Amino acid sequence: MGAGVIARFGHAPAILETPGLVLASVYDPSPESLAEFARSFPAVEVETFNNRDAFFASGIDAVSVCSSAPAHPSNVRDCAAHGLPVLCEKPLAMNDADIAAMIAVMEEAHLPLVAAFCYRFSPVAQTIKRLVDSGAIGAVRSIRLIYNWSLFGKYTNDGGQWHENPYRVGRMLEGGPMVDCGVHFIDLARWWTGSEITDYKAHASWVDEEYEAPSHIWLHADHQNGCHTAVETSFAFTHTAKDPVSLFTYDIIGTNGAIRYDRDGWRFELRNGDGTQIMPGSSEKNFTGMYHAWARALRTGDFSELPTGRDGMVATRIARTATEECIRLRRSRHIPGKP
Ligand SMILES: NC(=O)c1ccc[n+]([C@@H]2O[C@H](COP(=O)([O-])OP(=O)(O)OC[C@H]3O[C@@H](n4cnc5c(N)ncnc54)[C@H](O)[C@@H]3O)[C@@H](O)[C@H]2O)c1
């Protein structure tokens, strides 16, 4: 459900690459999105629908919810009513109450609701989990996760006309970089440490002043086990530059060593008392890995490999409330800018 950018570039190719899964039907209320989707997969036999009832009557066994976040609650409600397991894109919804209702409706129907945290399935993230669990760096005390980028730039040139990049506008209106990208990092930190976040605080700046949501934001979070996680994320890093650049790094610091990952430098290493181990780099996302796990779970009924609806709720709640606190602070201090 939802045939936009992430369906075309993330979910559909991964479904097509996963043994045991068939991309059977696609629903989107927008005929333009469906046409674009069909153009992207000319060799694939997939039925497209802008009529919801016809979609649900098309003989499907599970649904990936890839619509924009405000549509997730109604999509999930419809899937529950039709007895279908759901893998739902992040952020799960626009507020806590909606996410809680999504979890409840799926639980009442005895159906799994999986949060599509595809970063967990990256070989880099999986290796970090294995190393942390094996004690390779001792007890994890500090995690620093950074993703600063332009989100494809503030402006786009369409047939000689410059206008604001609509994709970036959509992401800023859904809550900005902490809600959009930060949720993945909050989820990774909870998953790697196996420890809940008990306190958190964010600070932000409006490098791009157009939006209510901050375009550059830092989150500091304490875990129950004494670890501290810092997340820095931006959609306004070189967003007006001719040649935008990004910064994407993980540092996991333990009592007996550290793990470092620099995506753009393609450097992934473990340093501890045994020396330095250079490990193979990989993309920070892995939709195919996520779908392999989803297919295994659908086959066996064991969903323990996958992030839960609750994981989605916790990460989204932290990202959203942290962002809202920054917006409140900005208003109270009358920091200059449009909103
Ligand atoms: N996991 C990731 O790395 C990642 C990356 C980008 C986006 N996302 C998330 O994926 C979701 C979609 O993002 P996108 O970039 O594809 O956005 P998009 O705007 O390109 O696509 C959204 C699609 O949803 C459709 N839609 C609207 N209402 C709908 C409804 N009621 N039912 C079904 N479809 C409906 C729209 O017509 C559009 O085609 C968002 O929640 C976003 O945060 C995740």
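Please treat every number below as a calculation from the coordinates, not as lab data. Computed from a predicted model, the values in this text were never measured in an experiment. Don't worry about glycine lacking a Cβ; one is built from the backbone with ideal geometry, like all the others, and counts go over all protein chains shown.
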(request) Going by C-beta contacts inside 10 Å, put His216, His72, His228 in order with the fewest on the left. (result) His228, His216, His72
(request) Calculate, in whole percent, how much of the Cα-Cα pair population of region 179-266 lies beyond 20 Å. (result) 43 percent
(request) Could you calculate the contour length gain from Val207 to Phe9, that is, 0.36 nm times the residue separation minus the distance between their Cα atoms, to one decimal place in nm? (result) 68.4 nm
(message) Please compute the length gained on full extension between Arg130 and Ser40, using 0.36 nm multiplied by the number of residues separating them and subtracting their Cα-Cα distance.
(response) 28.7 nm
(message) Which of Leu34, Leu87 has the fewest other C-beta atoms within 10 Å, and how do the rest follow up to the most?
(response) Leu34, Leu87
(request) Take the alpha carbon gyration tensor of region 5-111, find the square roots of its eigenvalues, order them as a ≥ b ≥ c, and report rounded if a/c is under 1.5; if not, report prolate when a/b exceeds b/c, else oblate. (result) prolate
(request) Give me the distance between the Cα centres of region 246-279 and region 132-184, rounded to whole Å. (result) 21 Å
(message) With Kirkwood's inverse mean 1/r over C-alpha pairs for Rh, give me the Rg to Rh ratio of the chain, two decimals please.
(response) 0.97
(request) Please find the FRET efficiency linking Ala101 to Arg296, where r is the Cβ-Cβ separation and R0 is fixed at 22 Å, and quote it to the nearest 0.05. (result) 0.20
(message) Below 15 Å, Cα to Cα, which aspartates and glutamates can Lys129 reach? Residues fewer than 8 away in the same chain don't count.
(response) Asp187, Asp251, Glu269, Glu284, Glu305
(request) In nm, give the distance between the simple-model label positions of Ser58 and Val22, each being 7 Å from the Cα along the Cα-to-Cβ direction. (result) 1.3 nm
(request) Subtracting the Cα-Cα distance from 0.36 nm times the residue separation, let me have the gained length for Glu305 to Ala241 in nm, one decimal. (result) 19.0 nm
(message) Between Ser332 and Arg141, what is the label-point separation in nm under the 7 Å Cα-to-beta-carbon projection?
(response) 3.3 nm
(request) Order by neighbour count: Met106, Met1, fewest other Cβ atoms within 10 Å first, most last. (result) Met106, Met1
